[in-house]
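Participant: Before I ask anything, here is the structure I am working with.
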Amino acid sequence: MPIIVNLDVMMARRKMSLNELSEKVGLTLSNLSILKTGKAKAIRFSTLEAVCKALDCQPADIFEFVEKENK
Amino acid sequence: MNMTKRNDFIWKAIQTACWFFLAGYCVQAGALLFNFVYSLFKPIATHNLHLGLDLSELFAKNKSVYAFVLITIIGISALKAYVFVIVIRLFKILNLVKPFSEKVSEIITRITWYAFSIGIISLVVQEIIKRISEKGYNTGLAEKYWNDGGAYLMMSAILFVIALIFQKGIELQKENELTV
């Protein structure tokens, strides 16, 4: 997928563990893991809002668009 | 999904009906198979093979046609019984909270193909028997065993649409599961 999730980078910058983020955001560890590994197909605005609030960042800090090269 | 009392009753009634149909078709196929083999040694059995089915004239006239008619009836009955085996299996694995699973979709597709096969076989046999009857062979009440071919074809068409909807449902359910 051309959308890259940089959640782990932001977590490292804020020195926040997955458990801590999970508690703050109110998401299960498995759902956070799905998001972190880029397996998620969609994200709710409410989740995005909670993640941005917990990590004190903007949505653009978490997501990045990288165009795939045409083979 | 919580089922209302009425739906729960209908659900159980359909399951019970399926068990009855399965038992009925198994008994029918078994009885016909037994009587077919028995009639080859004791032709007297051809007078009442199953629920008044009298193929004694046909047996006396041409044993090959007699065997063809009976094997067809047994085959169609066995196929119908197998369809109900699959339907009962479907009821067992169907989870109404998460109904869209690959397994359920596969079973619905399989039922579709079996229903389609029964419909086509019944119509083909109906036509063959019609032509045989025109040549003076008396097939008695045998027609009642394959005159529901059209209904099975219609059932397969409806099931095909349901199978397609299920495929879409699986996609949507997967997407929903991967939405955080």
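Participant: Search the structure for amide H atoms under 5 Å from the amide H of A:Phe63, placed 1.01 Å from N in the peptide plane, and list their residues when 5 or more places away or on another chain.
Facilitator: Placed amide hydrogens put A:Asn6 under 5 Å from A:Phe63.
Participant: In addition: I'd like the distance between the alpha-carbon centres of the stretch B:33-99 and the stretch A:13-71, rounded to an integer number of Å.
Facilitator: The distance from the Cα centre of the stretch B:33-99 to that of the stretch A:13-71 comes to 61 Å.
Participant: Continuing with the same structure: What number, rounded to the nearest 500 deg cm²/dmol, is the helix-based mean residue ellipticity at 222 nm of chain B, given -39500 (n - 2.57) per DSSP H run of at least four residues and division by all its residues?
Facilitator: Helix-only estimate at 222 nm: -27000 deg cm²/dmol.
Participant: What are the ³J(HN,Hα) values, in whole Hz, obtained from phi via the Karplus relation 6.51 cos²θ - 1.76 cosθ + 1.60 with θ = phi - 60°, for each residue of the stretch B:121-132 in sequence order, with x given for Gly and Pro?
Facilitator: 4, 4, 5, 5, 5, 4, 5, 4, 5, 4, 5, 5
Participant: Enumerate the aspartates and glutamates that B:Lys80 could reach by cross-link, defined here as Cα to Cα under 12 Å, with residues fewer than 8 away along the same chain left out.
Facilitator: Those aspartates and glutamates meeting the cut-off are B:Asp148.
Participant: May I ask for the equivalent-ellipsoid semi-axes of the protein assembly as shown, computed as the square root of five times each C-alpha gyration tensor eigenvalue and listed largest first in whole Å?
Facilitator: Output for the protein assembly as shown: semi-axes of 63, 19, 13 Å.
Participant: Is the C-alpha gyration tensor of chain B telling us rounded, prolate or oblate? Criteria: a/c under 1.5 is rounded; beyond that, a/b larger than b/c is prolate, otherwise oblate.
Facilitator: Since a/c reaches 1.5 and a/b is larger than b/c, the shape of chain B is classed as prolate.
Participant: Among the listed pairs B:Lys42/B:Lys130; B:Lys92/B:Lys130; A:Lys39/B:Lys5; A:Lys68/B:Lys103; B:Lys12/B:Lys98, which are separated by more than 29 Å between their Cα atoms?
Facilitator: B:Lys92/B:Lys130; A:Lys39/B:Lys5; A:Lys68/B:Lys103
Participant: So, one more: Pull out a ≥ b ≥ c, the square roots of the eigenvalues of the alpha-carbon gyration tensor of the stretch A:1-62, then state rounded if a/c is under 1.5, prolate if not and a/b is larger than b/c, and oblate in the remaining case.
Facilitator: rounded
Participant: With r as the distance between the Cβ atoms of B:Lys168 and A:Phe65 and R0 = 25 Å, compute the FRET efficiency 1/(1 + (r/R0)^6) and round to 0.05.
Facilitator: 0.35
Participant: Could you give the length gained by full extension between B:Val124 and B:Leu51, i.e. 0.36 nm per residue of separation minus their alpha carbon distance, to one decimal place?
Facilitator: Gain on stretching B:Val124 to B:Leu51: 23.9 nm.
Participant: How high is the FRET efficiency from B:Ile158 to B:Tyr38, r the C-beta distance, R0 41 Å, rounded to 0.05?
Facilitator: The formula returns an efficiency of 0.55 here.
Participant: Would you tell me the mean number of C-beta atoms belonging to other protein chains that fall within 10 Å of each C-beta in A:31-44, as a whole number?
Facilitator: 3
Participant: Roughly to the nearest percent, how much of the accessible area of the protein assembly as shown is carbon and sulfur, given a 1.4 Å probe?
Facilitator: 62 percent
Participant: Starting from the Cα gyration tensor of the stretch B:1-54, take the square roots of the eigenvalues, sort them a ≥ b ≥ c, and report rounded, prolate or oblate (rounded when a/c is under 1.5, otherwise prolate if a/b is larger than b/c, else oblate).
Facilitator: Cα axes put the stretch B:1-54 in the prolate bin.
Participant: Can you work out ³J(HN,Hα) from phi for every residue in the stretch B:12-17, in order, using Karplus 6.51 cos²θ - 1.76 cosθ + 1.60 and θ = phi - 60°, giving whole Hz and x for Gly and Pro?
Facilitator: With coefficients 6.51, -1.76 and 1.60, one gets 5, 5, 5, 4, 4, 4 Hz.
Participant: Related question: What list of ³J(HN,Hα) values in whole Hz, one per residue of the stretch B:165-171 in order, does the Karplus curve 6.51 cos²θ - 1.76 cosθ + 1.60 (θ = phi - 60°) give from phi, with Gly and Pro shown as x?
Facilitator: Per-residue couplings from phi come out as 4, 4, 4, 5, x, 4, 4 Hz.
Participant: Would you mind working out the accessible area per residue for chain A, using a 1.4 Å probe, and quoting it in Å²?
Facilitator: That works out to 71 Å² per residue.
The values are calculated or read from the model by the stated rules, or taken from the named source; none is laboratory data. Owing to the predicted nature of the structure, the values given are computational and were not obtained by experimental measurement. All Cβ positions, glycine included, derive from the backbone under ideal geometry; neighbour counts span all protein chains shown. Ligands, DNA and RNA are excluded from the accessible area calculation, which covers all protein heavy atoms including side chains. Shrake-Rupley method; radii C 1.70, N 1.55, O 1.52, S 1.80 Å.
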